[in-house]
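Here's the structure we're looking at; comments come further down.
Bear in mind that the values in this text are calculations on the coordinates, not laboratory data. These numbers were taken from a predicted model, which means no experiment stands behind them. Neighbour counts run over all protein chains shown; Cβ positions are idealised from the backbone, glycine included.
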Amino acid sequence: MENVFDTLTERGFIAQCTDEAEVRKLLGSKKVTFYIGFDPTADSLHAGHFIALMAMAHMQRAGHRPICLVGGGTGTIGDPSGRSDLRKVMTDDVIEHNCERFKEQMKRFIDFSDGKALMVNNGDWLRKLGYIDLLREVGAHFTVNRMLAAECYKQRWDKGLTFLEFNYMVMQAYDFYKLNGDYDCVLQMGGDDQWSNIIAGVELTRRKTGRAAYGLTNKLLLKSDGSKMGKTAGGALWLDADKVSPYDFYQYWRNVDDADVKTCLSLLTFVPMEEVNRLSSLEGSAINEAKQVLAYEVTKLVHGEDAANQAQKSAAEIFTGQSSENMPTVEVLDAVGKKLLDVLASVKVIESKSEGRRLISQSGLTLNDKKVSDADYVLQADDFPAVIRKGKKKFYRVINA
């Protein structure tokens, strides 16, 4: 049986590991319990979480047991990693709601039946800790100079690092120590921006228990130019269909740069690597086959097979110039008599009227298959239902409600 460490390596997941040889040996010799943490900073997971979910799924398919840790405790503080400012403090009700939404989305990737995976909330123990008890039990194992050397803190040093956030590393480290004792969890995984926090948990667990503990980070979801993938004009690429429709989700991956196809197929699908290599080697217009496979597979994983089939069908219809009832639809109250750009900006088809004017100047905006040349065009009754094309590939139906 193939060692999952080799699978993760071949597909490009692994960024750093506390002891590569030992972790590989561990994963190839017995069933291991591991965990990944997710702080509930929003009511949906997003594309940035995708790699973590896929890594967890690969691990589970190889027989290992995932613990999905939702941060009902750490979420009250906020992780400073990768942040230039203080995270907004959320109420307990918001945190609980977001945790519940995460659970539903994770079920598409992870099998929680019959104890095959666990879902736990660190608020169950962090909220019960007394401050003095925490200082005495955990604080003695941390040195301030070592903590300040962590990349996540160094990035915030000049702009100001609150004592609130300074405690985040201690809390996350305590999570690993707690999960190790309660569930025999021996491996913490996460994005590479979590390396300092993971190391802290590994060291605390070893010092407190004398038992082996390991850390492994996955690469972040980045484009070939080094910028973050999963960012859209409207913000994050959410995994919630109410925030980003399955069609728009499909189209995002259908339109990735050619240079990013192999990375996305490797990290975000279960397509065998032999096929990934074949698809990603295609050139010119033939690379569209790979992009179609990518878009379909990721949409199926996140939204289900029916939604993926419908998105694929809609994309094909629109590409061939056919009207599709399944293109993204927005309703506008009393749109007749209003300026087109005002209407499109109000429903976020365009981010701003200046973007609309730029599209018009570049012949990139059409209304019912006619190029819009007047930035002050006023909508008429016979324009509806209106089919808007933005750029080359994005279509929307606008209904006058």
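Observations
- Working from the Cα coordinates of the chain, the gyration tensor eigenvalues give, after taking √(5λ), semi-axes of 43, 25, 18 Å in decreasing order.
- Of N368, N145, N122, the one that fluctuates the most in a GNM where the chain has Cα springs shorter than 10 Å: N145
- Note on the chain: with charges restricted to the Cβ of Lys and Arg (+1) and Asp and Glu (-1), its dipole about the Cα centre is near 560 debye.
- Multiplying the residue separation of D111 and R146 by 0.36 nm and removing their Cα-Cα distance gives an extension gain of 8.8 nm.
- For the range 10-51, the residues whose backbone nitrogen is under 15 Å from a point 7 Å from the Cα of Y183, taken along Cα to Cβ, are 32-39.
- Amide H contacts of G191 (H built 1.01 Å from N, under 5 Å, at least 5 apart or other chain): N218
- In this simple spin-label model, placing a label point 7 Å from the Cα along the Cα-to-Cβ direction at both S354 and K31 gives a separation of 5.8 nm.
- Sequence-distant contacts, meaning Cα pairs under 8 Å at least 6 residues apart, place the relative contact order of the range 4-218 at 27 percent.
- For the chain, the membrane-span-like helix rule (DSSP H, alpha carbon extent of at least 18 Å along the helix axis, mean Kyte-Doolittle at least 0.5) picks out 47-61; this says nothing about an actual membrane.
- Separation of the A381 and T91 label points, Cα + 7 Å toward Cβ, nm: 4.6
- Alpha-carbon centroid distance for the pair the range 335-401 / the range 163-187, whole angstrom: 51
- Extension gain for K223-A286 works out to 20.6 nm (0.36 nm per residue, less the C-alpha to C-alpha distance).
- Here the relative contact order of the range 252-321, from alpha carbon pairs under 8 Å that lie six or more residues apart, stands at 31 percent.
- In the chain, the DSSP-assigned H stretches of four residues or longer account for a calculated mean residue ellipticity at 222 nm of -13000 deg cm²/dmol, using -39500 (n - 2.57) per stretch and the full residue count as denominator.
- For the range 329-400, relative contact order (Cα pairs under 8 Å, six or more residues apart, normalised by length) works out to 39 percent.
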